[in-house]
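K.L.:
The structure follows.
The values are calculated or read from the model by the stated rules, or taken from the named source; none is laboratory data. None of the values given here were measured: they were computed from a predicted structure. Glycine also receives a Cβ, built like all others from the backbone with ideal geometry; neighbour counts cover every protein chain displayed. In case anyone asks, the SASA skips ligands and DNA or RNA and just uses the protein heavy atoms, side chains included. Shrake-Rupley method; radii C 1.70, N 1.55, O 1.52, S 1.80 Å.
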Amino acid sequence: MLRVEHVHVSLDGFALHDISFTVPQDSYFVLLGASGVGKTVLLEALSGLAPITHGAVYLDNEDITHARIQHRKMGLVYQDQALFPHLTVRKNIAYGAVGSRSTREQTTIDLAATVGVAHLLDRRPATLSGGEAQRVALARALAPQPRCLLLDEPLSALDIKARSAMRALLRTLHRNGQMVVHVTHDYEEALSLATHVAIMENGAIAQIGTPMDVFQHPTSEFVARFIGIRNVFAGTLAEESGNNMDIATFTSAGITFHIMTNAPPGPGMMLVRSEDVTLSSSCPESSARNCFSGQVTDVARTPLGTEVVVDIGVEFVALVSNASVQQLTLKPGRDIWLSFKASAARFLEE
Amino acid sequence: MKTRARHTLASDPLSLVFAALGGMVLLFLIAPLAGMAFNSPLSDLADTAAEKEVRASILLTLWTALAATTICSVAAVPFAWVLARKQFPLKRLVSGIIDLPVVVPHSAAGIAILGFIAPNSCIGGTAERAGIQFVGGAAGIIVAMAFVSVPFLINAARDGFAAAPERLEKAALTLGASPARVFFTISLPLAWRAIVSGMVMMWARGMSEFGAVAIVAYHPIVASVLIYERFGAFGLAHARPVAVLFLGVCLVFFIVVRLLAREDTHAPR
């Protein structure tokens with residue numbers, strides 16, 4: 001378990017203030033925030049590369065606040081990989097491996113196979129693609145058997161295909177018991193990987209919780225604006241019967257939605273932006289494949305329109321204009337129809 | 001790429017002027033050396049090469065300069081890493097001190113070194129009791145060469161370390177490597193090209209040293225002192241073949257070292 005208590009870091013005119021969080025051993029912890037909020041500085045502080053001015057960091061109840069970098073057992077994967085350019089992939093991975101020579105060689109081969117770079121062992125980093133380099137960096141960080149793996153925007157430089165494969169790999173590592181702290185500015189990464197999410201703002205943590213808690217119930221305007229998406233539901237995707245090859249059904253809490261996706265059936269999350277949700281007094285005849293009756297539970301003005309929460313069996317948030325609120329007399333207790341197009345719903349595989 | 005470079009040079013009048021000025025500088029550097037070489041008949045060169053004193057002098061110059069470079073690099077290269085990576089009080093002053101031998105007149109440097117290693121000094125006396133003769137010995141030549149040439153190695157190595165991404169050293173630390181292992185397996189290999197370049201420069205500068213060496217150890221006689229002595233005693237015609245021969249030997253060594261250092265290391269630059 002990683003425990004961060006009231007950590008302050010001051011580095012080159014930038015500061016982190018009173019950072020506290022706990023990462024249980026079986027967690028995949030994502031630090032989500034815009035560029036420049038201090039995510040990378042926090043990772044560097046945890047790994048010992050940036051000095052902690054106040055506070056403490058405990059790893060498995062051992063105080064590592066001021067421990068030497070090489071003794072922390074924290075594996076760090078840089079955004080740009082930072083592979084050693086003068087060493088082959090094999091030597092890069094083997095660099096931090098522990099044990100006898102034969103053990104280190106076997107570790108290198110096993111890790112290369114795990115991350116899918118076994119065929120690249122004799123290549124130099126300069127000859128690798130972005131995805132391959134990221135996999136090698138991951139294998140290299142795993143070689144010393146770190147107690148906690150720190151990932152700095154590991155997917156940001158990858159194309160869509162490589163990103164999907166890397167996500168699957170990270171999930172596998174997590175399932176095998178690896179504790180992970182992952183920083184990113186991409187909420188999809190957070191939703192698809194995290195067991196716990198922390199939102200960072202101006203060198204501090206604005207909110208911590210499970211992805212569903214944070215995305216469905218942002219506690220501040222900053223968090224709500226940053227994550228930008230309020231309708232997040234966990235469920236299962238299934239193929240729709242008939243000839244609608246591009247439409248699948250997604251079931252969450254006993255409610256079935258229609259999603260335009262070509263993702264394979266399986267568990268995942270459905271995301272719908274609140275501005276894509278339409279409210280009306282009757283189910284409209286339109287191209288919207290999703291139409292549900294529900295009851296308004298909350299109406300809240302925001303700087304950009306009004307957020308209306310509708311209970312259709314799950315709570316859905318719609319962002320409508322103030323004029324629509326008056327026209328439809330939207331207030332708690334009002335029965336209303338809620339609709340959105342299948343193409344407005346996004347599916348994220350688990 | 002080459003086509004584009006030629007096109008740019010031909011179409012830009014300013015570049016043409018600069019190229020012409022550059023040509024004049026090159027001519028200034030090459031003309032005296034070429035003139036010296038062309039005015040030395042092969043028969044004279046062969047006779048000079050056959051002289052035991054000349055061969056011994058060139059050999060002495062080569063190995064003492066190499067010894068000065070090798071011995072100094074043991075301390076100078078790690079020191080260059082400290083200068084490139086660490087901040088400490090009076091760092092600018094330290095950097096200035098490193099460049100001091102470059103600006104001090106080398107005869108003055110020789111006097112300073114002599115006072116430091118003379119038999120009546122603490123270090124010189126201790127060395128003499130240990131059987132090491134500085135004044136009038138190869139050890140003194142090595143010290144004089146090292147004093148005037150070590151800034152070239154330190155500065156080149158410091159620039160080489162500074163150019164290598166520090167992030168790679170940090171990444172190695174997070175993998176559990178000790179700082180010493182990081183230095184030898186990451187920092188040194190990434191900066192080796194600049195270090196070799198600095199060693200070549202130091203070696204070259206050491207071999208060409210006259211003033212400090214002549215004061216500290218006129219004998220055994222190194223090439224620069226021999227050339228001066230022949231010029232003073234017999235005139236230009238007798239000094240020139242020794243100079244050409246020494247120049248030729250140095251050129252061969254430098255070209256070989258530079259070619260070896262050009263091998264691709266895949267280091268980031």
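K.L.:
For the range A:286-311, enumerate the residues that are aliphatic (A, V, I, L, M), in a strand (DSSP E or B), without any contact (Cβ under 8 Å) to a residue 40 or more places away in the chain and over 26 Å from residue A:261 (Cβ atoms).
P.N.:
Across the range A:286-311, the qualifying residues are A:299, A:300, A:308.
K.L.:
So, in the range B:155-171, of the ones that are more than 7 Å from chain A (Cβ to nearest Cβ), more than 20 Å from residue B:69 (Cβ to Cβ) and open to solvent by less than 30 Å² (accessible area, probe 1.4 Å), which residue ends up nearest to the chain's Cα centre (by Cα)?
P.N.:
The residue in question is B:164.
K.L.:
Right, here's the next one. Between B:45, B:60, which is open to solvent by less than 70 Å² (accessible area, probe 1.4 Å), assigned to a helix (DSSP H, G or I), within 21 Å of residue B:213 (Cα to Cα) and in contact with a Pro (Cβ under 8 Å, 6 or more places away or on another chain)?
P.N.:
Result of the check over B:45, B:60: B:60.
K.L.:
Considering only residues that are touching a helix residue (DSSP H, G or I) at 6+ places or on another chain (Cβ under 6 Å), assigned to a helix (DSSP H, G or I) and closer than 30 Å to residue A:108 by Cβ, which ones fall in the range B:160-186?
P.N.:
Hits for the range B:160-186 are B:160, B:161, B:168, B:169, B:172, B:173, B:174, B:182, B:186.
K.L.:
Same structure, new question: Name the residue, out of A:35, A:20, that is part of a loop (DSSP other than H, G, I, E, B) and among the hydroxyl-bearing types (Ser, Thr, Tyr).
P.N.:
None of the others qualify; the one that does is A:35.
K.L.:
Then there's this: With the requirement that a residue be more than 23 Å from residue A:215 (Cβ to Cβ), open to solvent by less than 30 Å² (accessible area, probe 1.4 Å) and either modelled with pLDDT of 90 or more or under 20 Å from the mean Cα position of the chain (by Cα) (or both), what does the range A:241-289 give you?
P.N.:
Of everything in the range A:241-289, just one residue is more than 23 Å from residue A:215 (Cβ to Cβ), open to solvent by less than 30 Å² (accessible area, probe 1.4 Å) and either modelled with pLDDT of 90 or more or under 20 Å from the mean Cα position of the chain (by Cα) (or both), namely A:280.
K.L.:
In addition: For residues that are within 14 Å of chain B (Cβ to nearest Cβ) and over 14 Å from residue A:182 (Cβ atoms), tally how many sit in the range A:35-58.
P.N.:
7
K.L.:
If you go through the range A:265-273 one residue at a time, do you hit one that is closer than 19 Å to residue A:191 by Cα and in a loop (DSSP other than H, G, I, E, B)?
P.N.:
Within the range A:265-273, one or more residues are closer than 19 Å to residue A:191 by Cα and in a loop (DSSP other than H, G, I, E, B).
K.L.:
If I ask for residues that are at pLDDT 85 or above and of a type in the set (D, E, K, R), which ones from the range B:1-46 would you list?
P.N.:
Matches in the range B:1-46: B:44 only.
K.L.:
From the list B:226, B:236, which residue is among the aliphatic types (A, V, I, L, M), surrounded by fewer than 22 Cβ atoms within 10 Å (Cβ to Cβ) and over 15 Å from the mean Cα position of the chain (by Cα)?
P.N.:
So the residue among B:226, B:236 that is among the aliphatic types (A, V, I, L, M), surrounded by fewer than 22 Cβ atoms within 10 Å (Cβ to Cβ) and over 15 Å from the mean Cα position of the chain (by Cα) is B:236.
K.L.:
Residue by residue through the range A:116-165, note down the ones that are open to solvent by 30 Å² or more (accessible area, probe 1.4 Å) and within 14 Å of chain B (Cβ to nearest Cβ).
P.N.:
If the condition is that a residue be open to solvent by 30 Å² or more (accessible area, probe 1.4 Å) and within 14 Å of chain B (Cβ to nearest Cβ), then A:122, A:123, A:124, A:126, A:127, A:145, A:147 are the ones that fit.
K.L.:
For the range A:13-34, does any single residue satisfy the condition of being surrounded by fewer than 18 Cβ atoms within 10 Å (Cβ to Cβ), more than 14 Å from every other protein chain (Cβ to nearest Cβ), small (Gly, Ala, Ser) and within 21 Å of residue A:167 (Cα to Cα)?
P.N.:
Yes, that holds for at least one residue.
K.L.:
Counting only residues that are of a type outside the set (Val, Ile, Thr), away from chain A (no Cβ under 12 Å) and either in contact (Cβ under 8 Å) with a residue 40 or more places away in the chain or buried (at least 20 other Cβ atoms within 10 Å of the Cβ) (or both), how many does the range B:184-207 have?
P.N.:
Selection size over the range B:184-207: 11.
K.L.:
Any idea how many residues of the range A:311-323 are more than 18 Å from residue A:216 (Cβ to Cβ), surrounded by fewer than 18 Cβ atoms within 10 Å (Cβ to Cβ) and within 34 Å of the chain's Cα centre (by Cα)?
P.N.:
Here the count works out to 2.
K.L.:
If you go through the range A:312-319 one residue at a time, do you hit one that is touching an Asp or Glu at 6+ places or on another chain (Cβ under 9 Å) and in a helix (DSSP H, G or I)?
P.N.:
Scanning the range A:312-319 turns up no residue that is touching an Asp or Glu at 6+ places or on another chain (Cβ under 9 Å) and in a helix (DSSP H, G or I).
K.L.:
Additional query: Could you please find all residues in the range A:199-225 being farther than 24 Å from residue A:305 by Cβ, touching a helix residue (DSSP H, G or I) at 6+ places or on another chain (Cβ under 8 Å) and aliphatic (A, V, I, L, M)?
P.N.:
Across the range A:199-225, the qualifying residues are A:200, A:208.
K.L.:
Would you call residue A:65 out of contact with any His (no Cβ under 6 Å at 6 or more places or on another chain), outside any strand (DSSP E or B) and either over 20 Å from residue A:153 (Cβ atoms) or among the aromatic types (Phe, Trp, Tyr) (or both)?
P.N.:
Answer is yes for this residue.
K.L.:
Return yes when residue A:199 is within 13 Å of the chain's Cα centre (by Cα), open to solvent by less than 40 Å² (accessible area, probe 1.4 Å) and modelled with pLDDT under 80 and no when it is not.
P.N.:
No, not satisfied.
K.L.:
May I pose another question? Restricting attention to the range A:177-195, and to residues there that are over 19 Å from residue A:59 (Cα atoms) and not charged (D, E, K, R), which single residue is surrounded by the fewest Cβ atoms within 10 Å (Cβ to Cβ)?
P.N.:
A:185
K.L.:
Here is a follow-up. Among the residues of the range B:102-144, what is the count of those that are touching a residue at least 60 places away in the same chain (Cβ under 8 Å) and open to solvent by 70 Å² or more (accessible area, probe 1.4 Å)?
P.N.:
2
K.L.:
All but one of (1) in contact (Cβ under 8 Å) with a residue 40 or more places away in the chain; (2) within 12 Å of chain A (Cβ to nearest Cβ) hold for residue B:181; state the number of the condition that does not hold.
P.N.:
Single failed check for residue B:181: (1).
K.L.:
If you don't mind, another one. Suppose we keep only residues that are free of Cβ contacts under 8 Å to residues at least 24 places away in the same chain and not in a loop (DSSP other than H, G, I, E, B) within the range A:71-101. Which one would you say is most open to solvent (accessible area, probe 1.4 Å)?
P.N.:
It comes out as A:101.
K.L.:
Which one of these does residue A:61 not meet: (1) within 10 Å of another protein chain (Cβ to nearest Cβ); (2) of a type in the set (S, T, N, Q); (3) touching a residue at least 60 places away in the same chain (Cβ under 8 Å)?
P.N.:
(1)
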